Amino acid sequence: MSAATAFLLAAGHGTRLRPLTERVPKALVPVCGVPMLDHALALARAHGHTEILVNAHHLWPQVAAWAEEHGVQLQVELPDILGTGGGLRAALDRLAPEVLILNADILCDVDLTALGRAMPPSGAAMALRPSPEAERFGPVEPDEAGRVRRISSVVGPPGSGQGGLHFTGIHAMSREAIARVPAEGEQCVVRSAYRELVPLGLVGSTLHRGVWVDVGTPTAYLEANLAVLAGRLRAPLDPWTRGERLPAGCWAGRGAQVEGQARTSILGEGCLVPADSRIEDCVVWAGVRVPPGEHRRMIFAAADVAVPG
């Protein structure tokens, strides 16, 4: 088994996205018919990463099945979820000297190649994003050369670099940097490894101004689906390679049926919009039969799970 050069984080519970994540792990919820993990995998492979590791905890057998189908290595974290730092530390012996780390629940087009190049020897690099909400997310301040001088309230004094930026959750780390995460105790990657690396000048950064969408809530999830469907948001994996266009601006997976009416909606494989149903701006998951009536801005995830977006 070859050492992994990319690590996909897919172990989370997806608490904010419930009830959608009660039966499907957050990393596998579909965006315009394509599971989030497929989007993350497409991004990693587009930047030349062929040896990839994914971790799993919540509903882990589903992630395991996905990993086997896609030729991806698997790390199951049981009985407890390990978090980013703990997961990386546990995988240390399976990682290459340099590894890219991607959150599978983030839809983005971060330049992973540039990010890897920004990593100092034995250090790390963070993809940063300008946002008026940087203070709420936790600001990260690099200097003019891109070296990180402050991470939120964890390390470095305020005003020590460029402001208005936050961490995208996409980063690159060397094995030496990952080894700074303790085997036990505080395993938060920022409060352990990055806290040590920043004062040493060993954290580089890149500035990302492209796509970055956190699908963490039902509203954000629905908006991401509709944005990809309308072409306002370019996803790493083109959904039209997995489905077809129907009239009235719908994406339809294999075997989807529309007997009623559907407008600007995503129709999963084998789903049914019956004759007594009308939907607009909705997401219907695979195999789901839409209930009778008129529906707008709804997510139909199962026969008994319909969530307003």
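Read-outs: derived from the displayed coordinates by stated rules, not from any lab. Values in this document were obtained by computation on a predicted structure and should not be read as measured data. Cβ sites come from the backbone with ideal geometry, for glycine too, and all protein chains shown count toward neighbours.
Entry note, the chain: the mean residue ellipticity at 222 nm calculated from DSSP H runs of n ≥ 4, each adding -39500 (n - 2.57), is -5000 deg cm²/dmol after division by the residues and rounding to the nearest 500. Under 1.5 on a/c is rounded, so check that first for the range 196-288, then, if it is not, pick prolate when a/b is larger than b/c and oblate when it is not; a ≥ b ≥ c are the square roots of the alpha carbon gyration tensor eigenvalues. Because a/c hits 1.5 or more and a/b exceeds b/c, the range 196-288 counts as prolate.
For the pair A179 and R18 in one chain, pulling the backbone fully straight at 0.36 nm per residue adds 54.6 nm over the alpha carbon distance.
In this structure, M1 and R45 have a Cβ-Cβ separation that, at R0 = 22 Å, corresponds to a calculated FRET efficiency of about 0.80. Full extension of the segment from L74 to E135, taken as 0.36 nm per residue of separation minus the current Cα-Cα distance, would add 18.5 nm. A protection proxy built from the mean count of other Cβ atoms within 10 Å ranks the segments 4-14, 260-270, most packed first, as 4-14, 260-270. Take the alpha carbon atoms of the range 251-309, find their center, do the same for the range 68-89, and report the distance between the two centers in whole angstrom. The range 251-309 and the range 68-89 have Cα centres spaced 33 Å from each other.
Distance between the 7 Å Cα→Cβ label points at E294 and A65: 3.8 nm.
The fewest-to-most ranking of V258, V63 by surrounding Cβ atoms within 10 Å reads V258, V63. The calculated FRET efficiency for R245 paired with R209, based on their beta-carbon distance and R0 = 25 Å, is about 0.25. Tell me, rounded to the nearest percent, the portion of alpha carbon pairs in the range 1-142 spaced more than 19 Å apart. Pairs farther apart than 19 Å: 53 percent. Rounded to the nearest angstrom and listed largest first, the equivalent-ellipsoid semi-axes of the chain from its Cα gyration tensor are 37, 20, 17. Model label points for D109 and D276, set 7 angstrom from Cα along the Cα-to-Cβ axis, are 4.4 nm apart.
Once the chain from R254 to A230 is taken as fully extended at 0.36 nm per residue, the excess over their C-alpha distance is 6.7 nm.
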